[in-house]
Amino acid sequence: MKYKLAIFDLDGTVLDTLDDLYTSVCYALEQCGYPARTKDEVRRFVGNGIRRLIDLAVPEGTSEKDADRVYKCFNEYYPKHCADATKPYDGIADMLQMLKTEGCRLAVVSNKADYAVKPLCETYFSGIFDFAVGERKGIKRKPAPDAVYEVLQTLGFRREESVYIGDSDVDIKTAENSGVDCISVDWGFRDREFLRRSGASVIVSDTAKLGDIILGKRTDHSKIAGDLFLEGYNCSQSAFLAFRDITGMDKQTALRLSSSFGGGMGRMREVCGAVSGIFMVAGMLWGYDRPGDIESKAAHYARIQALAEAFRDKHGSIVCREILKGIVNDSSPNPTVRDAEFYKKRPCLHCIEDAAAVLDDMITEIGIPDRATDAVNTDKAQSNC
């Protein structure tokens with residue numbers, strides 16, 4: 001779907017602020033007689049506001065009074081040096097300008113002190129953001145939803161029209177607490193694996209793709225499906241859940257609905273679970289619902305057969321036992337332990353990614369019907385009531 005409002009985290013998402021934060025933390029520590037921290041340590045400490053950053057940076061056992069001295073020193077130094085080495089991530093400025101040109105409203109919600117957020121936004125993105133807010137008195141910091149609610153109220157948007165973009169577990173939780181969708185980026189202070197473990201459902205690695213997702217253009221469902229499989233979901237769940245941005249189905253329902261089809265339908269090695277997953281998505285997009293509508297039924301079956309043929313061209317079959325022939329013979333109900341050897345030995349990851357890519361190709365060719373978009377909006381509106 002196309003979002004009308006995109007709310008961005010600042011540090012690690014649109015601005016690479018690590019060098020200036022690192023320098024300022026080390027300066028404050030050394031001025032107060034404490035050893036400096038490494039840049040990697042500061043990277044791990046960032047994300048929960050300046051006070052928490054300082055509390056983590058001072059040596060264990062430091063009194064609150066002494067931590068206050070470091071905090072004060074940081075706040076005196078950082079405002080004068082917050083733009084010394086800070087810079088936008090590659091492609092961010094162009095993407096933000098493109099979003100603005102397309103009519104998307106833009107905002108920033110950060111746990112960085114408000115005294116730094118507004119000047120940094122003005123310095124690097126003058127005229128781009130419609131609203132920017134950092135940590136200040138009277139507003140609970142993330143992951144509390146207060147600042148996001150302030151943006152929604154100030155700019156006049158509903159939660160279902162909005163998306164939050166960030167690079168950390170705090171951002172994922174902020175979006176969840178605020179009732180808005182979340183897109184995670186892996187170029188910031190937390191890596192992809194950490195984001196997966198923290199519950200990220202959509203992770204992007206480049207700004208162009210991020211812009212396309214926000215504007216409702218083609219999504220890389222293949223990558224999303226593969227990431228879900230690596231996270232531990234079965235083949236059918238991974239393929240089906242990857243298209244949740246289109247189907248609008250809530251995550252728990254989508255996972256339960258598709259859970260029976262893993263391993264070729266309950267590990268019976270019948271039709272590949274990933275293929276079953278994309279068939280279900282296709283049904284939600286283009287399926288028929290009137291028993292006497294022979295024309296629509298035939299047209300939909302033709303689409304399903306076309307999806308099957310496209311997948312078959314890549315893997316020789318749509319049947320699990322044939323795809324895994326010579327690799328796996330086990331059809332017991334007990335799932336195999338996922339380890340490095342599992343992923344190395346089996347073609348399942350590629351099957352899942354290819355199934356999603358095949359469906360993406362059809363979506364690009366046919367388009368998404370209005371009723372599917374309506375279903376997404378209706379589901380989100382109901383889930384936010």
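Bear in mind that the values in this text are calculations on the coordinates, not laboratory data. Keep in mind that what you see is a predicted model, and the values were worked out from it rather than measured. Positions of Cβ are backbone-derived with ideal geometry, glycine not excepted, and every protein chain shown enters the neighbour counts.
Residues of the stretch 124-132 include none that is of a type in the set (S, T, N, Q) and in contact with a helix residue (DSSP H, G or I) (Cβ under 8 Å, 6 or more places away or on another chain). Applying the set (1) surrounded by fewer than 20 Cβ atoms within 10 Å (Cβ to Cβ); (2) touching a His at 6+ places or on another chain (Cβ under 8 Å); (3) in contact (Cβ under 8 Å) with a residue 60 or more places away in the chain to residue 288 leaves exactly one unmet item: (3). With respect to residue 249, determine if the residue is touching a residue at least 12 places away in the same chain (Cβ under 8 Å) and not in a helix (DSSP H, G or I). Here the answer is yes, as residue 249 does meet what is asked.
Meeting the requirement of 3 or more residues that are more than 23 Å from residue 47 (Cα to Cα), the helices (runs of 4 or more DSSP H) wholly within the stretch 131-238 are 146-155, 207-214, 221-231. Among residues that are within 19 Å of residue 280 (Cα to Cα), of a type in the set (Asp, Glu) and not in a loop (DSSP other than H, G, I, E, B), residue 360 is included.
Going through (1) in a helix (DSSP H, G or I); (2) without any contact (Cβ under 8 Å) to a residue 60 or more places away in the chain one by one, residue 33 falls short only on (1). Within the stretch 68-95, the residues that satisfy the criterion of being assigned to a helix (DSSP H, G or I) and among the β-branched types (Val, Ile, Thr) are 70, 92.
Contact annotation: residue pairs with Cβ atoms under 9 Å, 6 or more positions apart or on different chains, pairing a residue in the stretch 130-156 that is more than 19 Å from residue 75 (Cα to Cα) with a partner that is surrounded by fewer than 21 Cβ atoms within 10 Å (Cβ to Cβ) and aromatic (Phe, Trp, Tyr), are 150/131; 151/131; 151/157; 154/131; 155/131. Restricting attention to the stretch 314-352 and to residues that are in a loop (DSSP other than H, G, I, E, B) and basic (Lys, Arg), the residue that is farthest from the chain's Cα centre (by Cα) turns out to be 325.
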